[in-house]
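Worksheet for the structure shown next.
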Amino acid sequence: MDLTLDRVKGALRSPVTFSVVAGLVIGALFLVGTGADPFAAYGAVVTGSLGADGIGSTLTTGTSVLGMALALAIPLRAGLINLGGDGQLVLGGIAAAVTGLYSPLPAPLTVVLALLAGVVAGAAYAALAALCENRFGVPLLVSSLLLSYPATSLASYLVRYPLKEPGSSLPQTRRLPEGVALPVFGTSTVTAGLVLIVLAAAAYWFADRRTAVGYEIRMTGLNARFAAYAGVERRRLTLRLMATSGALAGLVGAIGVLSFPYRFLDGSLTAPGYTWTGLTAALLAAAAPLGTVVASFFFAVLQVGGLSMERTTEVPRELTQVLQAIVIVFLAARLRFPRLRRSRGKPQEPAAREPAAQGEPV
Amino acid sequence: MTRPPSDPSAAAVSGPGGAVSGPDGAVGGLPPAVELRGITKRFPGTLANDAVDLTVRRGEIHALMGENGAGKSTLMSVLYGMERPDAGSIRIDGAEVSFGSPGAAMAAGLGMVHQSFKLFDSLTVAENVVYRAEPRRFGLVDRAAARRRVRELGAEHGLVVDPDARVGDLPVGLRQRVEILKLLHRGARTLILDEPTAVLTPAEADALFAVLRSLTARGRTVILVTHKLREVLEGSDNVTVLRDGRVVARLRTARTSGAGIAAAMTGRAVELDRVHPAGTPGDVVLDVEGLGTAGVHDVRLSVRAGEIVGIAGVAGNGQSELVEALAGLRTVTAGRVALRGEDVTHASAAERRAKGLAYVPEDRHAVGTAPAASVADNLAMGHHRTSLSSRRGLLPPSAVRAHARDLVGRFGVKAATPEVPASALSGGNLQKLLIGRELAHGAPLLLVEQPTRGVDIGAIQAIHDELVAYRDAGHAVLLVSAELSEIRGLADRILVMYEGRVTAAYDRAEADEATLGLAMAGGAGTTTGAPAGAAPDGD
Amino acid sequence: AAKDDAADGGSKGGGASFTLVTPDPVGQNEFLKLAVDGVKAAAKTHDGTQKVYQSSDSASQQQNVQAAVDAAPDVVVLVGFEFADLVAQQAEAHPKQQFLMVDACTTKTYANVSCAVFREHEGVYLAGAEAGLLSGSGKVGAVVVLDTGQFRRYSDPFAAGAKEAAPKTSASTRFVGGQSPFDDSARAKEQANSLLAKGTDQVMAAAAAGNYGVFEAAEAKGAYAYGVDVNQCTSAPGTVVDNVIKKTDVAVQEGIGQVLDGKGGKTVSYGLKEGGISLTGLEDGVESSKCVIAEHEDVLKKVEALRDRIVSGELTVDDPAAK
Amino acid sequence: MFFDSDLLMSALRALTPILLAALGGALCERAGVFNIGLEGMMLMGCFTAVATSWFTGSPWLGVLAAALAAAAYSLILAVGSVTLRGDAVVLGIAMNLLAVGLTSFLLRTVFGVQGTFDDPSLAGLPLVGGFSPLAYLAWAAVGVSALLLSRHVWGLRLRGVGEAPEAAATLGVSPARYKYAAVLLSGVLCGLAGAQLALGNVTLFSENMTAGRGWIAVVAVMLGRALPLGVLLAALLFGLAEAAGFRLQGLGMPQQATDAAPYVVTLVALFLSTAQRRRRAARTRPSTTGVTS
Ligand SMILES: Nc1ncnc2c1ncn2[C@@H]1O[C@H](COP(=O)(O)OP(=O)(O)OP(=O)(O)O)[C@@H](O)[C@H]1O
Ligand SMILES: Nc1ncnc2c1ncn2[C@@H]1O[C@H](COP(=O)(O)OP(=O)(O)OP(=O)(O)O)[C@@H](O)[C@H]1O
Ligand SMILES: [Mg+2]
Ligand SMILES: [Mg+2]
């Protein structure tokens, strides 16, 4: 009982809570400053994203955000930052599109093959960034970022010339053949992609919590020298984590192509900024699996709700973007609510200090 | 041996060599260069300095000695304004002072060379020397003046260094010179050197002493913190010995001997001097031939099941590098390492562990643990691929927790729950965690480095008992320690490392402290044809 | 911000309702501004209400269209080729909902989807002819957002028109590209500079926000530029020769009118003939347009003749988007 | 001729904002703070410059305000990473996101438009010899910062702080003070970079108009090894690759290839320079760029 109370108090005092509350308060100040009603605005965000009309969009957006968040969280768990999510995402998408268009197999098998093609393309490209660090000493942060641009350009070229839909004025591939599509839930825009991503999240959670590999990844993130001392080989881990990361990004790309409008359209995978939103979510949760899921959902709500708020009120949706960034600034600085009573929970203190680095906020 | 009713070495205060003139001792009417009175400094859980009096006369080289953790560095930090004393007073040239910062101490004519160099590797010698005290022209660093200054000071004091060399490219001996030049540039009249020769070759050390003597000849004063008896005997005028934060001897170097100083230094709590019964050696577990790696040359040694082989030596003589090379964390450049008859010279750390090696590293915060991770996670490391992971790499949290509870109980680690982060543990408890984790492997070979550094007396005893029990269970242990009493109490055979080589090997019976102390200070003959790893009890 | 204005003077509720969904933020995008003007005018005419939903990417386009359809206004107006797939999907799912697509059309035809498309290439061709006639160096060029079929309508016909008017003219195109092709005017400006450096003295600008950059570059070099969608001569008087006018507002208004009259489901193509595409120089009020072309009546005469040939069907301009 | 003065001019114009921002990044790097928030700081500079120039009619006030605003914005990084010891990479990424949102939001609330604000009466910076005065300032800044870092007392101390803060502290130099100064200066430089972009290269503000230039600056810092001249060369390499790309379009190279070219060239240059550095010395200067790895 007392323990639960302490936990609740700990959670309330955690930087996550502080950052979210501070973000909301500052956002409210912005709103008041522009003459809007913060309650109405936040209300519109909530009803617009979680109401009957919005939940489908939230889950659809959430699929991509969570997918990219997982992709970036997995290496982040070991302290590696992959800034090349866009390139891996796009290559996954284009690989899936090519497979979907030219596979001779029956439609259901083609779907599976296209998903696999996306996964492989993303993984291979991300592994290239890892090789740049392992073999050439170019920091992963930079190599992944720089590699991202040529990948998006390549995809852009492919859909402009060799893969272009004849007669279309858009740089897009032909529509995938009938049936080469992920199953959709009812009349919504939510596809089986959500299931795949949720499964990936569950697998990540499982690996993180319950496998030796997950343990090694966590320990590498907390103290790389410690992990190396115990026999974890950093280069190999980097390569594998990046490949996994790219695989997930590629999967998100493939899901994007195998969902409406069932084709690869230049820029449509990257323009919504899932990579950055995903990275933000992963950072916000310190790459912890459940935290990443919660943060991704939070951002999907903000994005979909923000757009809805803009439609129904006078408040621009950039507000939600600002809110998102403020939350993460506060979190990075590990600000928290001041302690109310000094005497309590001494042994808890260091535990409470680290949730940004380790803890599950659940 | 049990602890005598009164500390025998206490007599050394008036010393075998005869006492120096008392703490008040102003010589020739001049006030002492430095006079510390009743300095007390307490850290949480440690009384680092306990009413220390220290008098340093102008123009002398005054050695400050004591075992690891005796409080030497703390005392110097207090003197240099980096730590505030809890009690006591400081006089410089007779005037009472109170320093709030190193800057203030510098202004009073003190200068300190720290135990680990405080240099900027990418900057030039001249830049390092004038940093924060730059000669200027139009607001710019007057590089010509800085260079000139380095040359002048170098010529004056025999500290020749190329002013334009990048400090990072210099050998340690020259870096040491740069440190001293830094002080001289700032006009320091009293130089404090904390273990300046720990990383120097004997030739470099000799050169340093020549410089120090020339400095004192010109009226400067040197306080030298060191572990090396030879240097003290050859280079210093007076010696003050600290033990457990207290002054236990004040000696005039000319009238004392290495044995006298060593006796004063090591009159430590009885538990450490307890000699455990010898082991019964079996098959060779670790066999090293002609091993070379950065800082280690041509090391030959072997460790057998059921024995503890101790490696004694002053820190920085290659012990850490040797152990890292054995553990697979450092590339071996020469020689061969065999573990239970299998060649593992180029095996990875993971492969060596799988073949039966456990390792307690020296640095428990940066290497041995992940302070931010929970106690349970820290205890699982290394076991996570073996005993704890059931099938196909699954690592059930329940197994990790059970393992943690087991080890916490067995090794008496004081942790509220296995979920608290390791950073919440005290140093001693963290060390117990680390040793418990590595012992729990039951690996045929245990490498253990400085197992009791910074650990309280009770924990030391527990750790020693564990190590002996481990040996008696038929495992091989390679123990690296800078604590002579530890080595003597535990090891069945003792090797001494000096300058990256094994320079002496003793049976436990023949290794008294004076002999060892002498060998550690490089007094064990030349490195050629050293007995190295050849088991002295011959087989 | 979302706009939910009862048209001036009109009473709310009684009349028709229209929702416009844009593919990008309206901002300073002249083309989208005209579309907004169009729905506003329609709301006024039909005594109704209008809303504008601005999207910024594929995800928000999808959400906005969904939201628009959910609210079931009389007409959902969509501007831009990006909506083709979405409209097809929604039209099928909601046969009672009327859609008006501007600037693009679904591949299949639906009874509840009306389209208004433009033949910009005809206007661009005329602008090219002006450029060919006015060029001193015999070199003309275009700075265009991206290398896509849609945007090639602003480069290829420009070259063709110039060559028609002055056969020795050579033409060159730059695509802005980069990390944000629609917003990066500094990049567009450098692209223009790279054309000007080669002696090009007539530049067609179809670079979205980058047009301002192109005008700045031309102005600095004393060269001439051509704008799009509306009269952009005011942005750089003395530099902008003429503009390819695209009367989106008219297309929206007329389209809505037809849908309300029950004549939906058709595709109307606007070109020179229909007056949906024109040049500022060919419209009334050239004199006060601040356009350079106003000083070149001889050129305008020839261009008018060329226009008449296109209108009469004697001359057809190749449409790069149809390739 | 393919390489002519126009190509160089074009490259120089394109690199000016990148160079200013990269110099700021280099100062931070030298002080031991990894600053990847250059893009965001620059964007804040763009908006402030345009807004101030619009409301006061003076581009010079715009430049000044941009420098001040970006410096104030950089405090997020200074306080967050130096005082509160937060992760500089996370802070930098958040600052980039925040700047995009904040400037778009302000664009709507201050100017009531979305996307782009452009007005013929918006006063831009005058051109002197084909370049804006800020371009000359940028080139001068290369020299000044090179001199400052290599020869000035402040620069010497800053380099010391970045390399070994505890060593600097034992000599009585406060590392925090120098780190703050470096971050604030990088703010000023990024503000100038933004002003140059929005009032020099062009005269308008559009959302996200920095278009990745801040990231290129980050890469230039790395490629130029945080040396002002190295940063200049890196920026020049990028600028030339971009300007050459524009030309190559004219020779029929697809837009997508010319888009990718500068990044590929940069990556190759990074490979070569890292390889060379590795060959040259086993001992490398500790760098802050590895903070998170
Ligand atoms: N900052 C600190 N906080 C807590 N304890 C400290 C601190 N610094 C030193 N100690 C403790 O004070 C005691 C004296 O340490 P000190 O560094 O002065 O020893 P030393 O004689 O210099 O040892 P060594 O020979 O290893 O350098 C040790 O027990 C040490 O662990
Ligand atoms: N060329 C020099 N030769 C010897 N000593 C010098 C020289 N220049 C300065 N010093 C000494 O170094 C110390 C500090 O120098 P200085 O006065 O320049 O630092 P400071 O004024 O504290 O610096 P700042 O105010 O910029 O932090 C002083 O004791 C000064 O006498
Ligand atoms: Mg020591
Ligand atoms: Mg010490």
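Rule-based calculations on the coordinates, nothing more; no lab input. Fair warning: this is a prediction, and the values are worked out from it, not measured in the lab. Backbone-built Cβ (ideal geometry, glycine too); neighbour counts: all protein chains shown.
Pairs from the list C:K139/C:K246; C:K40/C:K246; C:K33/C:K189; C:K221/C:K247; C:K189/C:K246 with a Cα-Cα gap above 28 Å: C:K221/C:K247. Taking all Cα pairs closer than 8 Å and separated by 6 or more residues, the relative contact order of chain A comes to 34 percent.
With a ≥ b ≥ c taken as the square roots of the eigenvalues of the C-alpha gyration tensor of region A:14-332, please select rounded if a/c is under 1.5 and otherwise prolate if a/b is larger than b/c or oblate if it is not? It comes out oblate by the Cα gyration axes. Legend: calculated FRET efficiency, D:T83 to A:L12, from the Cβ-Cβ distance at R0 = 22 Å, rounded to 0.05, equals 0.35. Spatially close Lys pairs in chain B, defined by Cα atoms under 16 Å apart and a spacing of eight or more places or different chains, total 4. Cβ-Cβ distance of A:E233 and D:V268, R₀ of 41 Å, FRET efficiency by 1/(1 + (r/R0)^6): the value works out to about 0.90. Helix B:172-185 and the longest principal axis of the C-alpha atoms of chain B enclose an angle of approximately 30°. Across peptide C:194-202, the average count of Cβ atoms from other chains found within 10 Å of a residue's Cβ is 3. Note that region C:270-323 carries a Kirkwood radius of 12.3 Å, evaluated over its alpha carbons pair by pair. Between the helical axis of B:397-410 and the dominant principal axis of chain B, each derived from Cα atoms, what acute angle in degrees is found, rounded to the nearest 10? Taking Cα atoms only, the helix is inclined about 70 degrees. Of all complete DSSP H helices in chain D, those with a Cα span along the helix axis of 18 Å or greater and a mean Kyte-Doolittle hydropathy of 0.0 or more are D:5-31, D:38-56, D:59-77, D:88-106, D:133-151, D:175-195, D:228-250.
Entry note: region A:170-240 has Rg to Rh equal to 1.25, where both radii use alpha-carbon atoms and Rh is the Kirkwood radius.
Measure nothing fancy, just the Cα-based angle from helix A:2-13's long axis to the longest principal axis of chain A, in degrees from 0 to 90, nearest 10. The answer is roughly 70 degrees.
Across chain B, Cα pairs under 8 Å and at least six residues apart give a relative contact order of 16 percent.
Of C:A208, C:A186, C:A142, the residue with the greatest mean-square motion in the GNM of chain C, using alpha carbon springs below 10 Å, is C:A186.
Cα gyration tensor of the protein assembly as shown, axes a ≥ b ≥ c as square roots of the eigenvalues: rounded (a/c below 1.5), prolate (a/b > b/c) or oblate? It comes out prolate by the Cα gyration axes. Summed over qualifying helices (DSSP H, 4 residues or more, each -39500 (n - 2.57)) and divided by its residue number, the protein assembly as shown shows a 222 nm mean residue ellipticity of -15500 deg cm²/dmol. Does chain B classify as rounded, prolate or oblate by the C-alpha gyration tensor (a ≥ b ≥ c root eigenvalues; a/c under 1.5 gives rounded; else a/b over b/c gives prolate, otherwise oblate)? It is prolate, given that a/c is not under 1.5 and a/b is the larger ratio. Which net charge results for the neighbourhood of B:S320, defined as the other residues with beta-carbon distances under 10 angstrom from its beta-carbon, given Lys and Arg at +1 and Asp and Glu at -1? My count for the surroundings of B:S320 gives -4. Averaged over the residues of peptide D:32-42, the number of Cβ atoms from other protein chains lying within 10 Å of each residue's Cβ is 1.
Shielding of peptide B:370-383 by partners, expressed as the average count of other chain Cβ atoms within 10 Å per residue Cβ, is 5. Put simply, the amide H of B:V247, placed in the peptide plane, has neighbours under 5 Å in B:D53, leaving out anything fewer than 5 places away on its chain.
For C:Y226, the residues whose modelled amide H falls within less than 5 Å of its own, excluding neighbours fewer than 5 places apart on the same chain, are C:V203, C:M204, C:A205, C:V241.
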